[in-house]
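Encoded as structure tokens, the structure appears first; notes follow it.
What follows is calculated from the coordinates using simple rules that are stated; it is not laboratory data. Everything numeric in this text was worked out from a predicted model, so none of it was measured. Here the Cβ positions follow ideal geometry from the backbone for every residue, glycine too, while neighbour counts run over all protein chains shown.
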Amino acid sequence: MTGLEVSDAHVRLGDKQVLAGVSATFRPGEITTIAGPNGAGKSTLLTALAGLRHPDRGRVLIGNEDIFGLAPRARARRIAYLPQLPEIAWAVDVRTLVGLGRIPHVGARGLGADDDAAVTRAMASAGIESFADRDVTTLSGGERARVLLARALAGEPQWLLADEPLTGLDPGYQLEVAALFRKLAADQGCGVVITLHDLHMALRISDRVVVLAEGRVLADGPPATALAPDILAEAYGVETRAWDGEAGRVIEIIGRRAAP
């Protein structure tokens, strides 16, 4: 597996500098969470890493290759991107929708036996086999989220980039999806990069956390270090305290940081 790197990325949207010199290296076999307040540039960074938004300045590399030099089909075979608010605009059954994740691999003859097997594995991993034949427009928001995750997994990517993938899932399914991410990283060597607002889940599931604030990297390191109280005070403007609980590190948000 090859690494994924962003170097000195700048992105301006309208009159706002969304990314202002972001550099970070992401490693295969790890779960990296990008955290930070609203408007920090998390989603913009993720789309740049996916090759969907070209920075105004800076580079994005996969291995030693410029990601924007790859043909879209070749890029899609290596990187799966799951947006924060994906739309399902047409009525198809779940298995057909998941099968769309194989498009980068499909030849002129359409889905073959290997593709069907990959779709089946992806559905099993996401726990959606029981509604494989249902119309996706009849599913709940949480069920749709799992179907779209399965579609991303069906492509068997080297990298999975997901924007707020736990949003809309109940606590049980959040833990199941987190365990799936861990299996992808640890057992298959997949690089998993996600954005999260939930700091507790970031502590629980991440190998590493990159904290953005005002379009810059404020912290980059192990979760307990990157999400330390002084970092959270600067990034979010809140006072916190942390301790080790039964399930791992716990962050308590006490309130807004007092004005200096």
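Observations on the structure shown:
- Inter-part distance where segment 165-237 and segment 1-65 are each reduced to a Cα centre, Å: 16
- Extension gain, residue 256-residue 135: 0.36 nm per intervening residue step, less the Cα-Cα distance, totals 39.1 nm.
- Long-range amide H partners of residue 219 with built H, under 5 Å: 211
- Subtracting the Cα-Cα distance of residue 70 and residue 187 from 0.36 nm times their residue separation leaves 39.4 nm of extension gain.
- Sparse-neighbour loop sites [trypsin sites (Lys or Arg not before Pro); segment 78-175; at most 13 other C-beta within 10 Å; DSSP]: 109
- Within the chain, percent of DSSP bridges classed antiparallel, to nearest 5: 65
- Under a 5 Å amide H cut-off, with hydrogens placed 1.01 Å from N, residue 239 pairs with 254, 255, 256, 257 among residues at least 5 apart or on other chains.
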